[in-house]
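**Q** Sharing a structure, written as structure tokens. Questions coming.
Read-outs throughout are calculated quantities, based only on the coordinates presented, and are distinct from any laboratory measurement. None of the values given here were measured: they were computed from a predicted structure. Cβ sites come from the backbone with ideal geometry, for glycine too, and all protein chains shown count toward neighbours.
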Amino acid sequence: MSAEILNGVEMAAEVRSEVASTVQEMKSKHSVTPGLAVVLVGDDPASAVYVRSKERAAVEAGMVSKGIVLPAETSQKEVLEVVRALNDDPVYHGVLVQLPLPSHIDENAVIEAVDPGKDVDGLHPYNMGLLMAGRSRFAPATPAGIQHMLVHSGNDPEGKHVVVCGRSNIVGKPIANMLMQRGPGGNATVTVCHTRTRDLPSITRQADILIAAVGQPQMITADMVKVGVVVIDVGVNRVEDASRKRGYRLVGDVDFEAVSEKAKAITPVPGGVGPMTIAMLLRNTVDAARRTIHPEHSE
Ligand code: GUN
């Protein structure tokens, strides 16, 4: 079997075009332009790329977008002040702080400082709680992108055994929760694996849908999957490659070539989950703006 490639660029373009139409409608009918503010602390090159992509995508969708880049040595107090000023600024309906933060800053304090109504990353404990209770307001963007890809590629998780490798707050925990919820796009049986899991391959081989979010280049090998599996690769790992001008190439958490031979469908890296993350972030920002027009729909 040679797997169907799940094209995240194409699927994301569809979502982004829907978002752009909604933005136009909000502008013309309600004179509201959705706004997204993205804060980056430090100069991590990968984070800088992500932040620029988010800003650019927001502008392309017709939104107001602002990127705020703070030096790595910015104090926690200063970061919190920036976040609070954005919370109070009605121009921005969505506020996010790119993670990871420099080690002298308490990530939880920053995440909790974001107004839950503007937390388009869905990482505030209040929004995580709503998600877990099945009353999701802002689903974190990467898990939302994964769920969208599964449903829209004809691989609905209902009744399937989904194995999630990785238990991060950004991907593993929320996606496991979302796919086990009762309702459309959910109803799966979910197993979560992590660094302390014993005999990982015996569990990954049971997966109808395998979601790899471990941050280890090509860790999921062909012997770890069954024939016909649907594979979602969330990993974005830089590996040295002297043949490339920039000196590295991007690989996922999955050995793409070998696993493609057994899988029914698989997401590539790059061009899979990554573009979907941005599209879903834009969608969350539009939802946040819509709630300012129709506050009765707010939690
Ligand atoms: N770093 C990696 N992924 C994400 C994300 O989805 N949101 C934020 N804020 N930072 C990230």
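**Q** Could you state, as a whole-number percent, how many of the C-alpha pairs of the stretch 124-169 are farther apart than 16 Å?
**A** 50
**Q** When the Debye formula is applied to the Cα atoms of the stretch 1-158, each taken as the same point scatterer, what base-10 log of I(q)/I(0) results at q = 0.16 Å⁻¹?
**A** Summing over Cα pairs of the stretch 1-158 leads to -1.03.
**Q** Now, a different point. Output ³J(HN,Hα) for the stretch 247-253: one whole-Hz value per residue in order, computed from phi by the Karplus curve 6.51 cos²θ - 1.76 cosθ + 1.60 with θ = phi - 60°, and x for Gly and Pro.
**A** Working through the residues one at a time gives x, 8, 10, 9, 10, x, 8 Hz.
**Q** Ok, one more. Angle between the Cα long axis of helix 141-152 and the longest principal axis of the chain, 0 to 90 degrees, nearest 10?
**A** Once rounded, one gets 60 degrees.
**Q** Right, another one. Over the stretch 136-266, what is the mean sequence separation of C-alpha contacts under 8 Å (at least six apart), divided by residue count, expressed as relative contact order in percent?
**A** Here the relative contact order equals 21 percent.
**Q** Going by a ≥ b ≥ c, the root eigenvalues of the Cα gyration tensor, does the stretch 28-73 fall in the rounded group (a/c under 1.5), the prolate group (a/b larger than b/c) or the oblate group? List each step's numbers first, then the result.
**A** Working: a/c = 5.82, a/b = 2.33, b/c = 2.49.
Oblate, since a/c reaches 1.5 and b/c is not below a/b.
**Q** Can you give me the angle between helix 76-88 and the longest principal axis of the chain, using Cα atoms only, in degrees from 0 to 90, rounded to the nearest 10?
**A** Here the helix axis deviates by roughly 70 degrees.
**Q** Is the shape of the stretch 168-299 rounded, prolate or oblate, going by the alpha carbon gyration tensor and its root eigenvalues a ≥ b ≥ c, with a/c under 1.5 for rounded and a/b larger than b/c for prolate?
**A** Since a/c reaches 1.5 but b/c is at least a/b, the shape of the stretch 168-299 is classed as oblate.
**Q** Also, quick follow-up: Given N residues in the stretch 1-94, what is its alpha carbon radius of gyration divided by 2.2 N^0.38 Å?
**A** Cα Rg divided by the expected 2.2 N^0.38 Å: 1.34.
**Q** Determine the relative contact order of the stretch 6-92: mean sequence separation of Cα pairs under 8 Å and six or more apart, normalised by residue count, in whole percent.
**A** Details: 84 pairs, mean separation 27.9, N = 87.
Result for the stretch 6-92 is 32 percent.
**Q** Next question. Pull up the DSSP beta bridges for the chain and report the antiparallel fraction as a percent, rounded to 5.
**A** Antiparallel: roughly 10 percent of the beta bridges in the chain.
**Q** A follow-up question, please. Take the alpha carbon atoms of the stretch 207-237, find their center, do the same for the stretch 152-178, and report the distance between the two centers in whole angstrom.
**A** 12
**Q** With +1 on each Lys and Arg Cβ and -1 on each Asp and Glu Cβ, how big is the dipole of the stretch 198-264 about its Cα centre, in debye rounded to the nearest 20?
**A** Taking the Cα centre of the stretch 198-264 as origin, the dipole is about 200 debye.
**Q** Once Rh for the stretch 141-192 is found with the Kirkwood sum over Cα pairs, what is the Stokes-Einstein diffusion coefficient at 4 °C and 1.567 mPa s, in µm²/s?
**A** The estimated diffusion coefficient comes to 122 µm²/s.
**Q** Setting aside same-chain residues fewer than 8 positions from residue 262, which aspartates and glutamates have a Cα under 20 Å from its Cα?
**A** Reachable aspartates and glutamates: 4, 156, 208, 223, 233, 253.
**Q** Same structure, new question: Over every pair of different alpha-carbon atoms in the chain, take the mean of 1/r and invert it; report that Kirkwood radius in Å.
**A** Answer for the chain: a Kirkwood hydrodynamic radius of 19.8 Å.
**Q** Also: In whole percent, what relative contact order does the chain give with Cα contacts below 8 Å and a gap of six or more residues?
**A** Values: 618 pairs, mean separation 66.7, N = 299.
In percent, rounded to a whole number, it is 22.
**Q** Now a separate question. So which lysines pass the test for residue 54, namely a Cα distance under 24 Å, with those fewer than 8 places away in the same chain ruled out?
**A** Straight-line reach from residue 54, under 24 Å: 27, 66, 118, 173.
**Q** Right, next: For the chain, which span is the longest to avoid every loop-located (per DSSP) member of trypsin sites (Lys or Arg not before Pro) having at most 12 other Cβ atoms inside 10 Å?
**A** 1-134
**Q** Cα centroids of the stretch 3-26 and the stretch 41-64: how far apart, whole angstrom?
**A** Their Cα centres are 17 Å away from one another.
**Q** Can you give me the angle between helix 45-60 and the longest principal axis of the chain, using Cα atoms only, in degrees from 0 to 90, rounded to the nearest 10?
**A** 60
**Q** Mind pulling up the Rg/Rh value for the stretch 239-282? Radius of gyration and Kirkwood radius, both on Cα.
**A** Rg divided by Rh gives 1.07.
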